[in-house]
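Visitor: Please see the structure below; I have some questions.
The values are calculated or read from the model by the stated rules, or taken from the named source; none is laboratory data. Predicted model, so just to flag it, every value in this text is computed and none were measured. Every residue, glycine among them, receives a Cβ derived from its backbone with ideal geometry; neighbour counts consider all protein chains shown. The protein model used for the area step is the full one, side chains on, heavy atoms only, and it has no ligands, DNA or RNA in it. Shrake-Rupley method; radii C 1.70, N 1.55, O 1.52, S 1.80 Å.
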Amino acid sequence: MATTETLNTGLNVQTRAEAGAVMDRRKYIGMNVLRTEDPAFLTGKGRYTDDVSLTGMVHAAFLRSSQPHARILSIDKTRALAIDGVIDVIVESDLEGVIGPFSTTVARPEVETVTRAILNSTTALYVGQPIAIVVAESRYIAEDGVDALDVEWEVLEPIMDPEKALEADSPLLYPEMGTNNFAHIEFQRGDVKGAFERADRVFRKRFHAGRFMAAPLEARGVIADWEEAAGELTVWSSSQVPNLVRTYTAGPLGIAESKMRVISDGVGGGFGMKAHVFDEEVLIPAASKLVGRPVKWIEDRYENLAASLHSKEVIIYLEMAVNDDGRFLAFRGHYVGVGGAWPAHPWTSLIDPLPAASLLPSFYDIEAVETSIDAPMTNRCPLGAYRGVGWTPGHSARETMIDDVARELGIDPLEIRLKNTIPDTEPFVSVTGMKYDGGSYSGSMNRVKEMIDYDGLLKKQAELRREGRYIGIGWSPWVEPCAWGSEVAKANGFAAEFFDAASVTIEPDGSVTVTTGCHNHGQAHYTTLAQVTADTLGVPFESIRVIENDSATAVYGTGTYASRTAVVAGGAIMRAGSEVRDKIIRLAAHAMEVSPEDIELAEGKASVRGVPDRVMTMQELGMLSYYGGPNRIPDVEPSLTATRSYDPPETYSNGTIVAIVEVDIETGKVHLQHIAACEDCGTMLNPMVIDGQMQGAIAQGIGGGMYEDLAYDASGQFLASSLMDYLYPATTEVPNIEISHIETPSTVTEGGIKGMGESGTISSPVACLNAIADAISPFGDIKIMKSPIGPNDIREMIRNAQANGSGSK
């Protein structure tokens, strides 16, 4: 079920005239157009990295560390090389002069630079770290070769406690750095001290957000074919960012980008994890260069869980200055990102604690804020981006604390939020400097209140409690920074510049080819971006082909992640398409000997206003452009093509999720009964696609809030090495999800579009956590201090509350 409401913000997109014209004549934008990419996958014709087979191709397997921290005294290759079919065993010393190191940092003075060997065969820093490569005629033989390698270890003390890792006397992962802390960053704005002194109450909380990950259905994979004679390299990688893979690996590999092609065909789930550049994307090409044959490596599930990227683990200390009437005055936060053995390339381990701190105020109208960030490195798998990045743990900590405050003050959790929310629709600058471009902050909360019949549900909750049943209602309103480009990155603490482009071309037969530097891996770009193109040019949707996913056939761009494609690629298409549209109109006017102002362009035809029989089809105009010779416009470039870039201003979507749960107080089992959500991403390109994005993101958030935990023991051993140990939700755990929409067009982006792909994962974990706390609140002082929360945690909270004798039950 989905409903939609459009809010008129007085948007004047004529300051972006091209986009304004597109929105005036839109036909396809806003329609539930069926996804054009689906038939290939539904009929088994999708092409993934593992489907690629090349003549002479061999296979790689990695020897991965079994130790969390150790010196590697030797790796004996003898037995492995004696196996029939093993071609080579590669260790760090074999790569001298073949590849260079990775150096990873963020461009700000508080951040260290970590420079490291891409294959480290001398020191193990986490369980799962690659330390050697076996290349063989088959993967089976390569795995046998790995088993035959003899390693001599000198075991070292692992550094597992992130807060102790910050202490001056802690052992160091990198002694040459003199610290385990990748970054220490502080921020303050407003009179924080004065606000806390004036406040009637000060609330404090420590929240430990758990470690979880994307765990895509298709794990990572890399194939490399190094043509030594031509000096050219072709790489297939299951990646969201093929151009960034080329840019960031060409240097270490010592090859010009113009000689390197990266193809990322079908990708079976990315979710931000595959928006990084991985060691294997350098090591497999290096192996191909060394053995002189194409090399394939496909990640198995253990490797994915233990050695790809982990996410979200942040220890958060919050303080809130609050008046007795529930008014928020100021927030303080200290964020300790639980990093791994090194910062992931290129987003680093700051991708969780830094966005979490930057978004601390959310859409609450506070007067002052103070944050500090530490990013200690530990003997764990590196930490990187996953859908919602650090906004998820930061949001969970803040919103659980707001429920704590509401219970302590005896104020309804919805009421306290509405009391502190910034005005709807109007642009607003947060106390951290984020420039919100209008939204439905209160509006989305009130919409969900209606959707669930909140007042009636509260009465039902009270009745059920009298019967010994415990229903909980969890509120989670959010704001999402989206369209990650230069401005949104800077607003989240990353001083970075971005480039993304789109090209639009009319072919001789009048069909349209569009290419962008984004990446399509489930977001329906070939559908939604064709909708944007159709309305921009005035051509049929069916005449458009969108090309992405290949650095050789599409324009440059930094890929798909962080809710950016609709805004970034959509805006670039509007700009390039408007140029092509103007060329078509001028060409048609010249051919029909009328003024360009008299030409109407729609449904793939150019016609003269008031003269319906004077018409030229797009095919006629295409042929005229390519082969018209003297009939073309004199001294004017004839090609009907344009390429434009777009780096948008800051833009923010918003919405609200409510979770309804029932808790069995005897077992701690949670029945998640219903999710209701209202989202506002500005101008909707395709509501059906938006619903799918919301449902998937919410399901992933449910996993992070209630099930998924990448646990380590105190000795550094990894405890979630299979799907028997790492539990993510299935259809039996994900309830009915009811979605509605409000459209508050952005006041600053092309077409008023905002992103929305992260929202569900940002907001649904804490909706579940708050619902659990609400359900068991009759037993006493209930506070959610961590995620995920499982049955044992719930039983412990109930026992502790009963022991303290603070509840009404």
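Visitor: Could you grab me the full set of residues in region 617-635 that are touching a helix residue (DSSP H, G or I) at 6+ places or on another chain (Cβ under 7 Å), in a loop (DSSP other than H, G, I, E, B) and surrounded by 17 or more Cβ atoms within 10 Å (Cβ to Cβ)?
Guide: Result: Arg632, single match.
Visitor: For Thr731, state whether it is free of Cβ contacts under 8 Å to residues at least 60 places away in the same chain and out of contact with any strand residue (DSSP E or B) (no Cβ under 7 Å at 6 or more places or on another chain).
Guide: yes
Visitor: Any residue in region 730-744 that is part of a loop (DSSP other than H, G, I, E, B), among the acidic types (Asp, Glu) and more than 21 Å from the chain's Cα centre (by Cα)?
Guide: Yes.
Visitor: May I pose another question? For residues in region 410-436 being hydroxyl-bearing (Ser, Thr, Tyr) and either assigned to a loop (DSSP other than H, G, I, E, B) or in contact (Cβ under 8 Å) with a residue 60 or more places away in the chain (or both), which is nearest to Tyr454 (Cα to Cα)?
Guide: Across region 410-436, the extreme among qualifying residues is Thr425.
Visitor: Looking only at region 658-682, how many residues end up being open to solvent by 10 Å² or more (accessible area, probe 1.4 Å), in a loop (DSSP other than H, G, I, E, B) and touching a helix residue (DSSP H, G or I) at 6+ places or on another chain (Cβ under 7 Å)?
Guide: 3
Visitor: Within the group Arg614, Arg545, which residue is open to solvent by 60 Å² or more (accessible area, probe 1.4 Å), closer than 30 Å to Gly757 by Cα and assigned to a strand (DSSP E or B)?
Guide: Exactly one residue qualifies, and that residue is Arg545.
Visitor: Determine the pairs where a residue that is more than 13 Å from Leu73 (Cβ to Cβ), located within region 147-158, has a partner that is at pLDDT 95 or above and of a type in the set (Ser, Thr, Tyr) with Cβ atoms under 7 Å apart, the partner being 6 or more residues away or on another chain.
Guide: Here the result reads Pro158/Ser715, each pair linking region 147-158 to a residue that is at pLDDT 95 or above and of a type in the set (Ser, Thr, Tyr).
Visitor: For region 484-514, name all the residues that are surrounded by fewer than 24 Cβ atoms within 10 Å (Cβ to Cβ) and more than 21 Å from the chain's Cα centre (by Cα).
Guide: Passing the criteria: Ser503, Thr505, Glu507, Pro508, Asp509, Gly510, Ser511, Thr513.
Visitor: Just one of Gly577, Gly557 is over 19 Å from Met618 (Cα atoms) and of a type outside the set (Val, Ile, Thr); which is it?
Guide: Gly557
Visitor: Only residues in region 370-383 that are assigned to a loop (DSSP other than H, G, I, E, B) count as the first member; pair them with residues that are at pLDDT 95 or above and among the β-branched types (Val, Ile, Thr), Cβ under 6 angstrom, at least 6 apart or cross-chain, and list the lot.
Guide: So the pair list comes out as Thr378/Ile159; Asn379/Ile159.
Visitor: Residue under question is Gly231, and the condition is that it be under 24 Å from Leu309 (Cβ atoms) and touching a helix residue (DSSP H, G or I) at 6+ places or on another chain (Cβ under 9 Å); does it hold?
Guide: So Gly231 fails the test.
Visitor: Let me ask something additional. Please verify whether Tyr712 is within 23 Å of the chain's Cα centre (by Cα) and aromatic (Phe, Trp, Tyr), treating the condition exactly as stated.
Guide: The answer is no for Tyr712.
Visitor: Let me ask another. Collect the residues in region 779-809 that are within 30 Å of Gly272 (Cα to Cα), open to solvent by less than 30 Å² (accessible area, probe 1.4 Å) and among the hydrophobic types (A, V, I, L, M, F, W, C), keeping them in residue-number order.
Guide: Result: Ile784, Ile789.
Visitor: Let me ask something additional. Any idea how many residues of region 77-99 are open to solvent by 70 Å² or more (accessible area, probe 1.4 Å) and either within 33 Å of the chain's Cα centre (by Cα) or of a type in the set (D, E, K, R) (or both)?
Guide: Adding up the residues that qualify gives 3.
Visitor: Looking only at region 111-126, filter to residues that are closer than 20 Å to Ala375 by Cα and in a loop (DSSP other than H, G, I, E, B); which one of those is farthest from the chain's Cα centre (by Cα)?
Guide: Ranking the candidates gives Leu125 first.
Visitor: Would you mind telling me which numbered condition in (1) touching a helix residue (DSSP H, G or I) at 6+ places or on another chain (Cβ under 7 Å); (2) crowded, with 24+ Cβ neighbours inside 10 Å; (3) under 10 Å from Ala502 (Cα atoms) Ala576 fails?
Guide: Unmet for Ala576, out of (1) touching a helix residue (DSSP H, G or I) at 6+ places or on another chain (Cβ under 7 Å); (2) crowded, with 24+ Cβ neighbours inside 10 Å; (3) under 10 Å from Ala502 (Cα atoms): (1).
Visitor: Could you please give the count of residues in region 636-657 that are open to solvent by less than 30 Å² (accessible area, probe 1.4 Å), within 30 Å of Ser511 (Cβ to Cβ) and either part of a strand (DSSP E or B) or of a type in the set (A, V, I, L, M, F, W, C) (or both)?
Guide: Number satisfying all stated conditions: 2.
Visitor: How many residues, within region 736-778, are open to solvent by 20 Å² or more (accessible area, probe 1.4 Å) and over 23 Å from Tyr441 (Cβ atoms)?
Guide: 2
Visitor: Return yes or no: is Glu227 in contact with a Ser or Thr (Cβ under 9 Å, 6 or more places away or on another chain) and either open to solvent by less than 10 Å² (accessible area, probe 1.4 Å) or within 25 Å of Tyr140 (Cβ to Cβ) (or both)?
Guide: no
Visitor: Can you list residue pairs whose Cβ atoms sit under 6 Å apart, with the first residue in region 684-699 being under 22 Å from Cys768 (Cβ atoms) and in a helix (DSSP H, G or I) and the second being modelled with pLDDT under 95 and of a type in the set (A, V, I, L, M, F, W, C)? Count only pairs 6 or more apart in sequence or on different chains.
Guide: So the pair list comes out as Asp691/Ala2.
Visitor: Go through (1) within 17 Å of the chain's Cα centre (by Cα); (2) of a type in the set (A, V, I, L, M); (3) open to solvent by less than 30 Å² (accessible area, probe 1.4 Å) one by one and return the number of the condition Leu217 breaks.
Guide: Every listed condition holds for Leu217 apart from (3).
Visitor: Related question: Based on this model, can you work out whether Gly210 counts as free of Cβ contacts under 8 Å to residues at least 60 places away in the same chain, in contact with a Lys or Arg (Cβ under 7 Å, 6 or more places away or on another chain) and not basic (Lys, Arg)?
Guide: The answer is no for Gly210.
Visitor: Related question: Restricting attention to region 342-380, report how many residues are among the hydrophobic types (A, V, I, L, M, F, W, C) and within 16 Å of the chain's Cα centre (by Cα).
Guide: 7
Visitor: May I pose another question? Count, please, the residues in region 64-73 that happen to be open to solvent by 50 Å² or more (accessible area, probe 1.4 Å) and either part of a strand (DSSP E or B) or without any contact (Cβ under 8 Å) to a residue 60 or more places away in the chain (or both).
Guide: So the answer is 2.
Visitor: Pairs under 9 Å by beta carbon, first residue more than 23 Å from Pro294 (Cβ to Cβ) in region 39-56, partner assigned to a loop (DSSP other than H, G, I, E, B), six or more apart or different chains?
Guide: What qualifies is Pro39/Lys45; Ala40/Gly46; Ala40/Arg47.
Visitor: So Ala714 fits all but one of (1) surrounded by fewer than 24 Cβ atoms within 10 Å (Cβ to Cβ); (2) of a type in the set (A, V, I, L, M); (3) touching an Asp or Glu at 6+ places or on another chain (Cβ under 8 Å); what number is the exception?
Guide: Unmet for Ala714, out of (1) surrounded by fewer than 24 Cβ atoms within 10 Å (Cβ to Cβ); (2) of a type in the set (A, V, I, L, M); (3) touching an Asp or Glu at 6+ places or on another chain (Cβ under 8 Å): (3).
Visitor: Counting just the residues of region 715-729 that are over 23 Å from the mean Cα position of the chain (by Cα), assigned to a loop (DSSP other than H, G, I, E, B) and of a type in the set (A, V, I, L, M, F, W, C), which one comes out nearest to His674 (Cα to Cα)?
Guide: Per the criteria, the residue is Met724.
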